[in-house]
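A.B. asks: Would you mind keeping the following structure in view while I ask a few things?
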Amino acid sequence: MLQPLGARVLVKRLEAEDKSSGGIILPEAAQEKPREGTVVAVGPGEVDDNGEPMGMSVKEGDVVIYASYGGTEIKIDGEEYLLINEDDLLAVRE
């Protein structure tokens, strides 16, 4: 797997909804990319003035909501992931 550096998080995007709220099946082109995903790996976090990592606010397995245009899309072993800065994470879903 991939180990993020600094305050970055590797996220597996959740599946897009294939039906509208009214039950209409949506073609793939009309589906919005979800802005939620599961954290797969986290970096050590930002470094303080003493050079020590300050840790991260999320952990592996957390379901997070992220900014619409946040992150860099990458493929690992044919699977799509997002590499996102911690600052682009908006919330953790409980």
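A.B. asks: Go through (1) of a type in the set (A, V, I, L, M, F, W, C); (2) more than 15 Å from the chain's Cα centre (by Cα); (3) at pLDDT below 85 one by one and return the number of the condition Ala16 breaks.
C.D. replies: Of (1) of a type in the set (A, V, I, L, M, F, W, C); (2) more than 15 Å from the chain's Cα centre (by Cα); (3) at pLDDT below 85, only one is false for Ala16: (2).
A.B. asks: Just for region 54-66: of the residues that are modelled with pLDDT under 95 and in contact with a strand residue (DSSP E or B) (Cβ under 6 Å, 6 or more places away or on another chain), which one is surrounded by the fewest Cβ atoms within 10 Å (Cβ to Cβ)?
C.D. replies: Ile65
A.B. asks: Consider region 42-53. How many of its residues are of a type in the set (A, V, I, L, M) and surrounded by fewer than 16 Cβ atoms within 10 Å (Cβ to Cβ)?
C.D. replies: Adding up the residues that qualify gives 1.
A.B. asks: Taking the criterion of being modelled with pLDDT under 90 and either on the phi > 0 side of the Ramachandran plot or among the hydroxyl-bearing types (Ser, Thr, Tyr) (or both), would at least one residue in region 72-94 satisfy it?
C.D. replies: no
A.B. asks: How many of the residues making up region 19-41 are in a strand (DSSP E or B) and at pLDDT below 60?
C.D. replies: 1
The values are calculated or read from the model by the stated rules, or taken from the named source; none is laboratory data. Just so you know, these numbers come straight off a predicted model, no measurement behind them. Don't worry about glycine lacking a Cβ; one is built from the backbone with ideal geometry, like all the others, and counts go over all protein chains shown.
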